Amino acid sequence: MNVILLGPPGAGKGTQARLLVEQRGMVQLSTGDMLREAQASGSAMGRRVAEVMARGALVSDDIVIGLIEERLRSGTGGGAIFDGFPRTLAQADALEALLARLGQRIDAVIELRVDDAVLVDRVSGRYVCGNCGEVWHDRTRPTRVPGVCDACGSTDLRRRADDNETSLRQRLMEYYKKTAPLIGYYHAKGLLAPVDGLAPVAEVAAAIRAVLDAPPGGLDARSERP
């Protein structure tokens, strides 16, 4: 099963992707992680990535698609979770063509729906464990011991430099301009399943499970409730 997690920055895509990895043995395909891994690998594709990034240029879609193809051909266990890709309609078409060549398809597109004002509060207070990737929040989900990750005990807790209101609103504008059109694109294909991204993490996960576990035609993909 191949799934796309769609939603603005801070919607909780990374958290839900990790849960799917843990619970279903799926593989999270995060373009940022794949680019960093390729750069460090020394492979032919990795050298292309390193050269582009050394110039300070944007990595082209064909390179990203090439990295995704390599990963899919190596096997994805219980399926793939596309996190952060596609971001544009052109990328969506390229991904569909790639999957068709591999005899695969996108089975569901989970849209995490959120409110901008709540996102600002959520993102401006969050910090992440650099060791295990667990996400925490100053107000809604602080660690029990300040400065120590509850999940793994690491003290490597980090805040993204752009996790502030000004940067987030700029990122939201980019999302609405470039990525939000994918909502209509996947709705037209009958793949879109909206989920309330502001619900507690466990409820969001339950709603996603309901979508993924429903038999073909057994769930109205436009419902926002599990």
- Query: Which Cα, out of His187, Ser167, Val145, lies furthest along the positive dipole direction of segment 143-188 (beta carbon charges, K/R +1, D/E -1)?
  - Reply: His187
- Rg in Å to one decimal, and Dmax rounded to a whole Å, for segment 1-132 via C-alpha atoms: 15.5, 44
- Item | Leu102-Glu165 FRET efficiency (beta carbon distance; Förster radius 45 Å; 0.05 resolution) | 0.60
- Item | trypsin sites (Lys or Arg not before Pro) restricted to segment 108-170 and DSSP loop, no more than 16 other C-beta within 10 Å | Arg139, Arg144, Arg159, Arg160
- Item | log₁₀ of I(q)/I(0) at q = 0.12, 0.14 Å⁻¹ - segment 87-174, Debye sum with one point per alpha carbon | -0.58, -0.72
- Message: Run the numbers for Asp150 and Val52: contour at 0.36 nm per residue of separation, minus the present Cα-Cα distance, in nm.
- Response: 31.5 nm
- Query: What does a probe at Glu174 reach in segment 8-36, counting residues whose amide N is under 17 Å from the point 7 Å along Cα→Cβ?
  - Reply: 8-14, 30-36
- Task: Return the Rg/Rh value of segment 73-226, two decimal places, where both radii are evaluated on C-alpha atoms and Rh is the Kirkwood radius.
- Result: 0.99
- Using the Kirkwood formula on alpha carbons, the hydrodynamic radius of segment 145-203 in angstrom works out to 15.1 Å
- Query: Over its Cα atoms, what ratio of radius of gyration to 2.2 N^0.38 Å does segment 1-52 give?
  - Reply: 1.38
- Contour minus Cα-Cα span, Cys132 to Asp93, at 0.36 nm per residue, comes to 10.7 nm
- Message: Can you give the Rg/Rh ratio of segment 58-129, where Rg is from the C-alpha atoms and Rh is the Kirkwood radius?
- Response: 1.06
- Task: Run through all the Cα pairs of segment 170-213 and give the fraction in each 10 Å bin from 0, expressed as whole percent.
- Result: 25, 36, 37, 2
- Item | MRE, 222 nm, helices only [DSSP H, n ≥ 4, -39500 (n - 2.57), over the chain, to nearest 500] | -13500 deg cm²/dmol
- Note on the structure: Sparse-neighbourhood loop hits (trypsin sites (Lys or Arg not before Pro), segment 7-103; DSSP loop; Cβ within 10 Å at most 15 others) -> Arg55
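No lab work stands behind these numbers, since they all come straight from the coordinates. For clarity, every value in this text was computed on a predicted model and none was experimentally measured. Glycine also receives a Cβ, built like all others from the backbone with ideal geometry; neighbour counts cover every protein chain displayed.
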